[in-house]
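Just so you know, all these numbers are worked out from the coordinates, no wet-lab data involved. All values derive from a computational prediction rather than experimental measurement. Don't worry about glycine lacking a Cβ; one is built from the backbone with ideal geometry, like all the others, and counts go over all protein chains shown.
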Amino acid sequence: MERDIKKIISEMTLEEKAGMCSGEDFWHLKKVERLGIPAVMVSDGPHGLRKQPDEADHLGIGESIVAVCFPAACATASSFDTELMNEMGKTLGEECQAEDLSVLLGPAVNIKRSPLCGRNFEYLSEDPYLAGKMAASYINGVQSWDVGTSIKHYAANNQEYNRMSCSSNLSERTFREIYLPAFETAVKEAQPKTVMCSYNKINGTYASENRHLLTEILRDEWGFEGYVMTDWGAVADRVKGIVAGLDLEMPGSGGFNDAKIVAAVKDGSLDEALLDKAVENILKVVFSYVDHRHPEAVFDRDADHGKATDIETECAVLLENNGVLPLKAGMKVAYIGEYAQKPRYQGGGSSHINASRVSSALDSAKEKGREVAYVKGFPADRDEEDAGELAAAVQAAKEAEAAVIFAGLPDVIESEGYDRKDMKLPACQNRMIEEVAKVQPNTIVVLHNGSPIEAPWAGQVAAVLEMYLGGQGVGEAADRLLYGEANPSGHLAETFPLRLEDNPSYLNFPGDGANVNYAEGVYVGYRYYDAKKMPVRWAFGHGLSYTTFAYSNLKMPEGALGDTGSVKVSVDVKNTGSVEGKEAVQLYVSDRNGTAGRPVKELKGFAKVGLKPGETKTVEFTLTARDLSFYHEGLGDWYAPAGTYGILIGGASDRIAVEGELLFRTEKLPPLYVDGATTLGELLAHPVTAPMMEPVVKGMQEKMGGMQGEDAEKTADALGTGAEMMEAMMKGMPLKSLSSFAGPEVAGQMEQLVQAMNRALGNA
Ligand code: BGC
């Protein structure tokens with residue numbers, strides 16, 4: 001059905017239009033019955049439905065319908081599997097149709113700047129490329145059911161501390177390279193129906209009234225077509241919001257802010273056309289839902305529980321394994337820790353799901369008749385050591401052939417609303433692991449946590465399996481992986497540093513409450529650890545398998561890549577072990593041109609490949625200029641210097657298997673304005689000014705004969721510096737100093753040359 005939305009708007013009163021731009025209640029938009037506009041409902045998200053039919057809250061406290069809790073984003077990102085993400089999205093989309101929800105509030109794509117952010121469990125990655133691709137797949141899945149998504153929280157909302165008012169201060173380059181691309185990729189590849197702006201300020205301006213963010217970047221540059229809603233209660237100045245490009249205020253202010261919009265239109269301070277545009281953005285999405293209902297949709301909780309379990313099986317990451325895993329059938333095993341019985345499978349806050357059921361590893365073991373003895377050992381909800389439990393666990397471990405400790409973070413440590421204080425597991429759990437490992441060489445740790453923990457015992461245990469917050473099927477998934485019914489194939493979407501203090505944001509997290517300075521710039525996660533050559537516990541992209549993979553036959557393109565177009569790179573991956581398995585093949589790009597201030601390498605491609613024993617598949621990647629580029633603030637654009645780029649492919653950021661080089665040519669020129677402060681080095685590095693400067697430099701070298709003379713060279717050589725020193729001095733010399741060194745003649749010529757260079761650079 002085609003709706004004439006502009007006509008509908010023309011029939012609305014000013015008050016109705018202002019009203020349309022805020023929620024009726026916590027979860028509904030407003031209706032205008034006489035014009036056939038129904039009150040549609042939105043709901044959290046992202047990894048299940050938190051539909052609240054009655055009383056409402058945004059903290060995950062009140063009742064919501066019985067639903068299915070899928071693995072949280074910390075887990076799903078580790079699958080490195082866009083198809084899996086898409087399937088999960090489709091399942092959620094169907095559930096939404098069955099429950100009459102017009103928009104699912106997710107995915108949440110904020111970058112994991114610090115391991116301490118309380119909401120990291122809901123976020124995808126420390127890497128913007130991975131986060132963007134996974135988010136786009138999820139959105140395409142949900143929206144294939146004509147249900148909207150709300151990608152959140154736009155933008156630079158990377159902590160919970162003072163999230164409603166704090167200003168995230170960062171450079172445009174950092175913003176563009178690290179904190180925006182996940183949104184950008186999702187908008188360009190999946191066109192989410194809505195975007196949720198964050199609470200915080202960005203460089204002093206609230207996201208909800210930030211025109212640069214909501215209009216210039218989101219709509220003008222990326223082509224976003226849906227509506228922007230606030231996070232719950234994120235409005236600062238409502239009228240400024242409309243001007244900036246904020247469409248919908250949620251959950252609404254009982255008419256308080258609507259009245260401000262009406263008054264501003266009446267007194268002429270707000271152009272009514274801007275209000276009309278906001279209403280149009282909202283109604284387009286409302287009707288795209290209303291006019292595409294799917295009566296055939298069902299919410300099959302049992303079937304979806306099965307899907308949640310299968311998805312989690314693909315997400316868990318095998319971090320260590322000396323060969324103890326998979327456990328053999330009939331092996332006598334001790335399960336220790338209350339999480340074996342009561343797994344932690346989701347985080348606290350607005351994403352909290354009223355799960356239809358939860359599978360525990362212990363129940364699965366019982367159902368499958370495994371030889372498992374259980375000792376509680378420590379509680380799931382607090383840090384409390386019990387000497388009796390510790391002794392019983394150690395005894396059970398001694399008597400068994402292997403001990404599996406189900407460890408994790410209690411609910412209270414990890415939630416929306418506040419950040420973690422440290423990166424540690426509860427002390428009682430660390431102690432338990434150490435004591436058990438002393439008596440049982442086959443000690444395995446299974447982790448239930450939403451973000452990295454310090455693992456001081458990593459070298460003392462035989463295996464570590466990271467389940468993350470794996471949704472309601474986590475127990476069954478753990479069972480399958482522990483006993484080899486499934487082969488682990490997750491890879492870390494974030495680095496586990498050795499200790500919190502190693503994290504690049506450590507000295508600037510979470511700021512002073514008013515401001516948080518992203519002083520580490522683009523050096524987030526592995527971009528930092530790589531550059532510092534710093535050992536980490538487990539690197540970005542790391543993940544083991546019960547089989548092994550070999551990489552060969554890297555095929556690089558014949559010619560160079562240019563500003564437009566693309567090139568293909570391919571590699572063969574072979575399963576060299578004896579069981580079927582999946583590898584997360586990762587492609588990183590490395591600038592080899594000595595460009596200052598660039599990370600050692602950055603993820604620019606990945607693919608999850610399933611291989612039978614002995615099987616080989618060719619994996620192909622497509623690269624464009626953007627994949628080689630950094631954000632050049634002077635240019636206000638993406639820029640890659642011409643030259644050579646390393647293409648690094650492997651199964652983890654610290655396990656690069658094959659390497660090639662790609663040549664790049666560009667027509668783009670970095671901007672340069674030549675004046676007295678410009679150095680000879682800058683001029684010689686720029687393709688336009690370099691040829692103009694070469695004769696001057698030659699002449700200058702001759703003039704500076706004394707410094708070029710044999711004696712000077714001898715002295716310099718004696719000092720071990722020689723040519724290097726000369727070159728460095730020359731390159732660092734600003735034009736204003738030329739007369740002191742090169743004499744008045746060269747300086748005189750320079751005046752005309754500066755003008756000529758500025759003309760050639762287009763500055764004149
Ligand atoms: C959260 C959002 C959530 C909203 C509605 C806010 O507190 O930040 O992620 O969608 O509440 O529950």
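Rounding to the nearest 20 debye, state how big the charge dipole of the chain is about its Cα centre with +1 on each Lys and Arg Cβ and -1 on each Asp and Glu Cβ.
The dipole magnitude comes to about 780 debye.
What dipole magnitude, in Debye to the nearest 20, does segment 461-602 give about its Cα centre under +1 on Lys/Arg Cβ and -1 on Asp/Glu Cβ? Working shown, then result.
Numbers: 13 positive and 17 negative charges, 87 e Å.
Here the size comes out at about 420 debye.
Per DSSP helix of 4 or more residues, -39500 (n - 2.57); summed, then divided by the residues of the chain. What does that give at 222 nm, rounded to the nearest 500? Write out the running numbers ahead of the final one.
Values: 22 runs with 232 residues, N = 764.
Roughly -9000 deg cm²/dmol at 222 nm, from the helical runs in the chain.
Label segment 502-623 by shape, choosing from rounded, prolate and oblate, from the square roots a ≥ b ≥ c of the eigenvalues of the Cα gyration tensor; if a/c is under 1.5 it is rounded, and otherwise prolate applies when a/b is larger than b/c, oblate when it is not.
Numbers: a/c = 2.91, a/b = 1.51, b/c = 1.93.
Here segment 502-623 falls in the oblate category.
What are the ³J(HN,Hα) values, in whole Hz, obtained from phi via the Karplus relation 6.51 cos²θ - 1.76 cosθ + 1.60 with θ = phi - 60°, for each residue of segment 542-550 in sequence order, with x given for Gly and Pro?
Using θ = phi - 60°, the values come out as 6, x, 9, 9, 7, 10, 10, 10, 10 Hz.
Each label point is 7 Å from the Cα along the Cα-to-Cβ direction; what then is the distance between the points at K532 and A373, in nm?
It is 4.4 nm.
According to the square roots a ≥ b ≥ c of the eigenvalues of the Cα gyration tensor, what is the shape class of segment 303-507, taking rounded for a/c under 1.5, prolate for a/b larger than b/c otherwise, and oblate for the remainder?
It comes out rounded by the Cα gyration axes.
Please report the projected area of segment 468-518's Cα convex hull averaged over all directions, in nm².
On the way: hull surface 23.3 nm².
Mean projected area of the Cα convex hull: 5.8 nm².
Starting from the Cα of K438, draw a straight line to each of the aspartates and glutamates and keep only those under 20 Å, dropping any in the same chain fewer than 8 residues away.
E320, E385, D386, E389, E399, E401, E454
What is the packing order of peptides 496-503, 408-415, taking the mean over residues of other C-beta atoms within 10 Å and listing the highest first?
In descending order of packing, they fall as 408-415, 496-503.
For a Förster distance of 56 Å, can you work out the FRET efficiency between the beta-carbons of K6 and D411, rounded to the nearest 0.05?
Calculated transfer efficiency: 0.70.
Return the whole-Å distance between the Cα centroid of segment 618-662 and the Cα centroid of segment 114-142.
Value for the Cα centre distance between the two parts: 21 Å.
Give the residue from A560, P613, V658 lying farthest towards the positive end of the charge dipole for segment 549-664; charges sit on Cβ (+1 for Lys and Arg, -1 for Asp and Glu) and the dipole is referred to the Cα centre.
About the Cα centre, the residue reaching furthest to the positive side is P613.
Using 18 Å as the cut-off for backbone N distance, which residues of segment 158-202 belong to the label zone defined by a point 7 Å from the Cα of E633 along Cα→Cβ?
Residues 168-181, 202 fall inside that zone.
What ranking do T174, T624 get, fewest neighbouring Cβ atoms within 10 angstrom at the top?
T624, T174
Below 25 Å, Cα to Cα, which lysines can K555 reach? Residues fewer than 8 away in the same chain don't count.
K133, K568, K574, K582, K601, K604, K608, K612, K617
Which helices pass in the chain if a helix is a full DSSP H run, must span at least 15 angstrom along its long axis by Cα, and must have mean Kyte-Doolittle hydropathy not below 0.5?
256-266, 272-290
Determine, for each peptide in 69-81, 136-148, the mean count of other beta carbons within 10 angstrom over its residues, then list the peptides with the highest first.
Going from most to least packed, we get 69-81, 136-148.
What net charge do the residues around E225 carry, taking every other residue with its C-beta under 9 Å from that of E225, with Lys and Arg at +1 and Asp and Glu at -1? Walk me through the numbers on the way to the answer.
On the way: positive: K193, R219, K284; negative: none.
With Lys, Arg at +1 and Asp, Glu at -1, the net is +3.
So which lysines pass the test for K284, namely a Cα distance under 25 Å, with those fewer than 8 places away in the same chain ruled out?
K6, K7, K17, K30, K31, K51, K90, K152, K188, K193, K240, K260
Add +1 for every Lys or Arg and -1 for every Asp or Glu among the other residues with Cβ under 12 Å from the Cβ of K582, and state the total.
That works out to -3.
Peptides 236-246, 358-368: what's the order by average Cβ count within 10 Å, highest mean first?
In decreasing order of mean packing, 236-246, 358-368 become 236-246, 358-368.
Please report W638, W232 as a ranked list, fewest other C-beta atoms within 10 angstrom at the top and most at the bottom.
Numbers: W638 17, W232 22.
Arranged by neighbour count, lowest to highest, W638, W232 become W638, W232.
Can you tell me how the chain classifies by the Cα gyration tensor, rounded, prolate or oblate, using a/c under 1.5 as the rounded cut?
On the way: a/c = 2.05, a/b = 1.22, b/c = 1.68.
The shape class here is oblate.
Please report R113, R598, R119, R592 as a ranked list, fewest other C-beta atoms within 10 angstrom at the top and most at the bottom.
R592, R598, R113, R119
For V66 and H294, what does the FRET efficiency come to when R0 = 22 Å and r is the distance between their Cβ atoms, rounded to the nearest 0.05?
The calculated FRET efficiency here is 0.55.
Which one, P641, L587, A625, projects farthest toward the positive side of the charge dipole computed for segment 549-664 from Cβ point charges (K/R +1, D/E -1)?
L587
Using R₀ = 45 Å, calculate the FRET efficiency as 1/(1 + (r/R₀)^6) where r is the Cβ-Cβ separation of S739 and S566; round to 0.05.
Result of the calculation: an efficiency of 0.35.
Give me the dipole magnitude in Debye, nearest 20, for segment 549-664 about the Cα centre, with unit charges on the beta carbon: positive for Lys and Arg, negative for Asp and Glu.
On the way: 13 positive and 15 negative charges, 69 e Å.
For segment 549-664, the charge dipole is close to 340 debye.
Counting only other residues whose beta carbon sits under 14 Å from that of D363, what net charge do I get with K and R as +1, D and E as -1?
Values: positive: K342, R357, K366, K368, R370, R480; negative: E338, E367, E476, D479.
Value of the local net charge: +2.
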